[in-house]
2 protein chains.
Amino acid sequence: MVQISNDDEPKRRGRPRAYDPQAALLRAMDAFWKSGYSGTSLDDLSAATGMNRPSLYAAFGDKRSLYLKALAHYWQVALGAMHADLAENRPLADSLMRAYEGALAIYFSGEDRARGCFVVSTAVTEAVEDAEIREGLMTGFLAFDADFEARFRAAQRNGELRDDADPAALAVIATGVMHTIAIRARSGATRAALEELARKAVRALCG
Amino acid sequence: MVQISNDDEPKRRGRPRAYDPQAALLRAMDAFWKSGYSGTSLDDLSAATGMNRPSLYAAFGDKRSLYLKALAHYWQVALGAMHADLAENRPLADSLMRAYEGALAIYFSGEDRARGCFVVSTAVTEAVEDAEIREGLMTGFLAFDADFEARFRAAQRNGELRDDADPAALAVIATGVMHTIAIRARSGATRAALEELARKAVRALCG
DNA sequence: AGGATTTTATGCGAGATGGTACAAATATCG
DNA sequence: CGATATTTGTACCATCTCGCATAAAATCCT
């Protein structure tokens with residue numbers, strides 16, 4: 001029984017937790033990421049996190065609630081990474097490639113086989129029957145569009161991009177390239193092939 | 001389209017079927033389309049097709065086998081429609097818009113809420129754990145790319161497209177736009193918004 | 001030490017799930 | 001008509017599924 005040292009927490013009153021909630025959430029996310037929401041059972045989640053069912057339930061609520069927490073965490077990480085990759089001061093093509101490289105690092109982060117994007121691979125499936133997930137998806141995708149569009153506008157101001165280019169159009173195309181990379185990664189494309197795809201797309205978008 | 005022998009079959013020996021296999025397959029596809037592979041139970045499929053479980057099993061095999069048949073049918077229809085939309089003799093921009101309009105017609109074909117693309121919304125989720133599905137996905141996406149690329153090459157020969165454009169790059173971008181449309185349709189975007197997105201993207205691709 | 005508090009661990013229970021056995025039903029063939 | 005062939009419908013089985021009740025364990029407070 002390993003005691004998790006957590007210094008920033010004051011002293012808790014009862015029996016100490018045998019798990020780190022944040023780490024457990026990441027492991028649960030891995031399980032959902034691999035098999036999707038419906039394809040992941042509580043036993044799978046229990047095995048992945050090392051927590052038994054009552055502990056899982058006490059920490060995260062029911063299965064859907066745990067999934068929503070994992071989804072929210074993924075959105076935060078993905079949007080944060082994108083925003084950072086695009087914001088740094090680089091030539092436009094480098095910025096875009098940075099964003100796609102960052103995405104690929106996530107899509108191929110599984111220990112086993114490439115899992116693609118957590119959102120695209122698991123949440124989209126549930127979107128028809130779950131309004132909360134569905135609305136979160138639209139919000140997130142529009143945030144991607146907005147980040148790309150801002151980057152294209154900046155490039156236009158700097159003279160990196162033709163004046164007659166349409167930043168909004170290029171932005172949804174850039175998101176589209178991200179989506180097709182995510183889908184193809186899960187479909188067995190190699191990382192090298194997708195890097196090449198990204199390079200070609202960036203060249204076409206910036207040329 | 002291959003006509004499966006129906007009435008032209010001489011005479012079957014035993015009790016006649018109470019269902020049309022082709023229609024049942026379409027209804028089963030609808031059920032999977034809505035809830036995904038894991039999210040659809042045999043009871044759901046039984047209700048959707050009007051067939052009881054033993055009949056379902058006799059006609060299509062087990063659940064996975066039925067799903068694979070639905071997936072194969074969808075691929076055939078989707079690829080056929082794309083190929084036809086792109087092949088007809090039209091200006092490049094019209095061809096592309098035709099392809100996206102055709103896709104949107106499928107993505108919004110549900111009686112209830114938009115279901116997006118059957119492949120993207122259900123098969124991609126299963127791709128990690130099912131090699132057969134995964135390999136079919138890569139084959140299908142590359143077929144999309146190939147059709148788009150052929151169309152861009154033709155446009156280049158006709159002088160519709162700049163000589164320095166990269167048809168292969170434009171093709172994966174065009175597939176990417178298709179994918180992001182599919183994802184957004186299931187995520188609640190309106191059809192009008194996606195038509196506008198497609199128009200913008202086509203303008204950027206052909207300009 | 002002894003009570004209070006919180007977490008862990010076992011395991012139960014009601015229902016869903018995928019798949020099948022078996023007999024009744026409905027057709028053709030001889 | 002009776003034999004044969006095929007499908008249907010009911011009912012069933014073994015397993016999984018989610019969620020929770022309950023008691024034991026491990027810590028803090030007085």
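The values are calculated or read from the model by the stated rules, or taken from the named source; none is laboratory data. Model, not experiment: these values are computed from the prediction. Counting neighbours? That spans all protein chains shown, and the Cβs are built from the backbone with ideal geometry, glycine included. Please note that ligands, DNA and RNA were not included when accessible areas were found on the heavy atoms of the full protein model with its side chains. Shrake-Rupley method; radii C 1.70, N 1.55, O 1.52, S 1.80 Å.
Once you order the gyration tensor axes a ≥ b ≥ c over the Cα atoms, which shape class does segment B:89-152 get: rounded for a/c under 1.5, otherwise prolate or oblate by comparing a/b with b/c? Cα axes put segment B:89-152 in the oblate bin.
The dipole here belongs to segment B:71-206: it is taken about the Cα centre, uses +1 on the Cβ of Lys and Arg and -1 on the Cβ of Asp and Glu, and is about 480 debye.
Quick check: net charge around residue A:205, other residues with Cβ under 13 Å of its Cβ, Lys/Arg +1 and Asp/Glu -1?
Details: positive: A:151, A:162, A:199, A:200, A:203; negative: A:94, A:149, A:160, A:166, B:166.
Residues close to residue A:205 contribute a combined charge of 0.
In the complete set of protein chains, residue-level accessible area for residue B:41 is approximately 50 Å², probe 1.4 angstrom. Only Cα sites of the protein assembly as shown enter the Debye sum here, all with the same form factor; the resulting log10 I(q)/I(0) across q = 0.08, 0.14 1/Å is -0.48, -1.26, listed in q order. Think of chain A as having a plus end and a minus end, set by charges on the Cβ of Lys, Arg, Asp and Glu; of A:110, A:120, A:175, A:110 sits farthest toward the positive end of this dipole. Which of the lysines could be linked to residue A:11 by a straight reach, that is with a Cα gap under 26 Å, when you skip same-chain ones fewer than 8 residues away? Excluding near neighbours in sequence, the set is A:69.
For segment A:101-207, applying the loop criterion from DSSP together with a ceiling of 10 other beta carbons within 10 Å to the GluC sites (Glu not before Pro) yields A:111. Convex hull over the Cα atoms of segment B:71-206, averaged projected area in nm²? Spelled out: convex hull of the Cα atoms, projected over all directions, averaged, 8.1 nm².
On the accessible surface of segment B:71-206, probed at 1.4 Å, how many percent belong to carbon and sulfur atoms? Numbers along the way, then the final one.
On the way: 2660 of 5280 Å².
C and S atoms contribute 50 percent here.
Note on residue B:200: no lysines have a C-alpha under 17 Å away, same-chain residues under 8 apart excluded.
Are there any trypsin sites (Lys or Arg not before Pro) in segment A:135-207 that are in a DSSP loop and have at most 12 other Cβ atoms within 10 Å? List them by number. Each step should come with its number before you reach the end.
Details: sites: A:151, A:153, A:157, A:162, A:184, A:186, A:191, A:199, A:200, A:203; in loops: A:162.
Taking segment A:135-207 and a limit of 12 other Cβ atoms within 10 Å, the loop trypsin sites (Lys or Arg not before Pro) found are A:162.
Distance from the C-alpha centroid of segment A:85-143 to that of segment B:40-93: 28 Å, rounded to the whole angstrom.
Solvent exposure of the protein assembly as shown, expressed per residue, is 48 Å² of accessible area, with all protein chains present and a 1.4 angstrom probe. Sequentially through segment B:59-68, phi angles give Karplus couplings (6.51, -1.76, 1.60; θ = phi - 60°) of 7, 10, x, 6, 4, 4, 4, 5, 4, 4 Hz, Gly and Pro residues having no value and appearing as x.
Normalised by the number of residues in chain A, the mean separation of alpha-carbon contacts (under 8 Å, six or more apart) gives a relative contact order of 19 percent. Per-residue ellipticity at 222 nm from helix content only, as computed over the protein assembly as shown with -39500 (n - 2.57) for each DSSP H run of at least four residues, stands at -22000 deg cm²/dmol.
With a 1.4 Å probe on protein heavy atoms only, work out how much accessible surface A and B bury together, total over both chains, in Å² to the nearest 100. Provide the component values of the computation, followed by the final result.
Details: alone 11790 and 11860 Å², together 20060 Å².
Summed over both sides, the interface buries about 3600 Å².
The alpha-carbon of residue B:63 sits under 21 angstrom from the alpha-carbons of these lysines, leaving out residues fewer than 8 places away in its chain: A:34, B:34.
Keeping every protein chain in place, order B:117, B:206 by accessible area at 1.4 Å, biggest value first, i.e. largest first. Mind dumping the intermediate values first?
Values: B:117 15, B:206 35 Å².
From most exposed to least exposed: B:206, B:117.
Provide the net charge surrounding residue A:42, with neighbours chosen by a C-beta distance below 12 Å and charges set as Lys +1, Arg +1, Asp -1, Glu -1. Display every interim value, and only then the final one.
On the way: positive: A:53, A:63, A:64; negative: A:43, A:44, A:62.
Summing Lys and Arg as +1 and Asp and Glu as -1 gives 0.
Counting Lys +1, Arg +1, Asp -1, Glu -1, what net charge surrounds residue A:136 among other residues with beta carbon under 11 Å of its beta carbon? Please list the in-between numbers first.
Details: positive: A:134; negative: A:126, A:130, A:132, A:135.
That works out to -3.
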